[in-house]
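We did not get these values from a lab; they are worked out from the coordinates using the rules stated. No experiment lies behind these values; they were computed from the predicted model shown. Cβ atoms come from the backbone with ideal geometry, glycine included; neighbour counts cover every protein chain shown.
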Amino acid sequence: MYPIVSTTVFLPLLGALLVLLMRKAPPHVVHGIGIATSGVTLLGAMIMWARGVNETGFAQLEQIDWMPSIGAAYRVGVDGISLPLVLLTALLFFVTFIYSAKVRKQSHAFVALMLLLETASIGAFVALDAILFYVFFEVSLVSMYFMIAHWGHEDRQRAALMFFIYTFLGSLPLLLAILGLYLGSDPYTFDMRVWISNPPLDGLAAMLALIAMLITFAVKIPVFPLHTWLPAAHVQAPAAGSVILAGVMLKFGTYGLVRFAYQMTPDAFREAGVVILIFGVIAALYGAFAALAQSDLKRLVAYTSINHMGYIVIGVAIAALAADPAIRATALDGSVLQMVSHGLVTGALFLLVGMLQDRAHTRDMAQFGGLIKVVPILGWSFVLAAFASLGLPGLAHFPAEFQIFLATLQVEPIAIIAIIGIVITAGLYLRAIAQVFLGDINKTVYDNGATAATLPDLNSRELLALAPLLIFTIVLGVAPGWVLDVIHTTTIALPF
């Protein structure tokens, strides 16, 4: 069978090499290569989706000997947890390339880095060898560092350095945990499938490995108090960087929480389940209240991202604590679906904030007012994405969060206090909509000489980039079954 998984992983890397070889090509040609490459990669992800998954484990497996002397190999494949994230990643990169076609500052380097980041991102979700996963994980950090440092906003150097230090140092405990799992396996292997089917550690060793993994993934998610790098990184990153950072790279943390911590140290995870649940509740509430205090629209979206990621942590913790397999599957179904819906909704919000900043050169909500009369397509698109973010029924977050809270009520009812975050999120987004888009048109003259009354609405390129995210936000809210069926195929078969 044709190796569609490997093709989908490495096609962006080939596109990056082609871009670097075409040093004299004009920017529009370079961006065309980026759009075409990411488009074909999305097609590859759709073929992977069509091939599907199975209940017996991982599907679409591909393996090549790499370092047989230490039990390391190139191993890739998908299941119901990783496949939706692969499709989400390919879609987000495709729309981001369309939106970023306006970039003229060192466009060759920009497109090449984005394509390298796409390979690393998809690779991390399909890797079934722990060393391979770690390589993809680290490459993504380097790519995003340069994205923020070179194409970011006014304080980009500091934000990029903070991002890199936090996430690079945070990844070192994962490396120690991987080595511990390797030394605990018999025979020695880095095959993640073996570690999942027969967890190699128990007792104190398993708990230490779990703690190490939790540190890494808590930084990546991020969970309070290891979250401080995120608002700065989002605010200073270019819009394309924010979309990928929130929509894809934060999922490395929640995906790792399920794939490594939950599946490879199940007994230790169950013992620590209440503590993990508490951190999830804190993240959900802290993100909502912190967002309420923001006047910068992009920072507001960044903090609501922490809020929604907290719900995912709650769902995974509830799955570990649940004795009933059906409740466990419900919690995990909601958590994985929330990863997908968060990528769609938050990706759309960051695109819209970026489009607004492109026009007014500011993110300060006090500088806007009455914009829905001037830029109705942008305005109503923001309203739709904001309503999705606050969990309105019929939009993407609702079916995910409903399953998480349903399972929570059956296992740890007190944790339902996290639902207060939804109330706060509703209030802050309604306030943002009223301040930015409703009321009288603001008379402020922006730095670029424009006023609110003269701002242009979305152009065809921006609309083409935004439309898929909004369409899937509605589709996933109205008919989530086509994704949930894939997720449930794996979650219902988990042995713990």
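The table for this structure:
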item: Only Lys, Arg (+1) and Asp, Glu (-1) charged, at Cβ; the chain dipole about Cα centre in debye; result: 1340 debye
item: Environment charge at Met114 (Cβ cut-off 14 Å; Lys +1, Arg +1, Asp -1, Glu -1); result: +1
item: Mean Cα-pair separation over length for the stretch 145-219, i.e. relative contact order, pairs under 8 Å, 6 or more apart, %; result: 34 percent
item: Gap separating the Cα centres of the stretch 150-184 and the stretch 225-294, nearest whole Å; result: 14 Å
item: Answer label for log10 I(q)/I(0) by the Debye sum over Cα atoms at q = 0.07, 0.08 Å⁻¹ (calculated), chosen among [x] -0.52, -0.65; [y] -0.34, -0.44; [z] -0.39, -0.51; result: [y]
item: Under the Karplus curve 6.51 cos²θ - 1.76 cosθ + 1.60, θ = phi - 60°, whole-Hz ³J(HN,Hα) for the stretch 156-161, x wherever Gly or Pro sits; result: 5, 5, 5, 5, 5, 5
item: Calculated [θ] (222 nm, deg cm²/dmol) that DSSP helices of n ≥ 4 give over the chain, each run adding -39,500 (n - 2.57); result: -23000 deg cm²/dmol
item: Whole-Hz couplings from phi, Karplus 6.51/-1.76/1.60, listed for the stretch 18-35; x for Gly and Pro; result: 4, 4, 5, 6, 9, 5, 9, 5, x, x, 5, 5, 4, 5, x, 5, x, 5
item: Relative exposure of Trp49, Trp195, Trp151, Trp66, judged by other C-beta atoms within 10 Å (fewest first); result: Trp66, Trp49, Trp151, Trp195
item: Greater than 22 Å apart at Cα, pairs in Lys251/Lys298; Lys373/Lys443; Lys105/Lys443; Lys102/Lys443; Lys105/Lys373; result: Lys105/Lys443; Lys102/Lys443; Lys105/Lys373
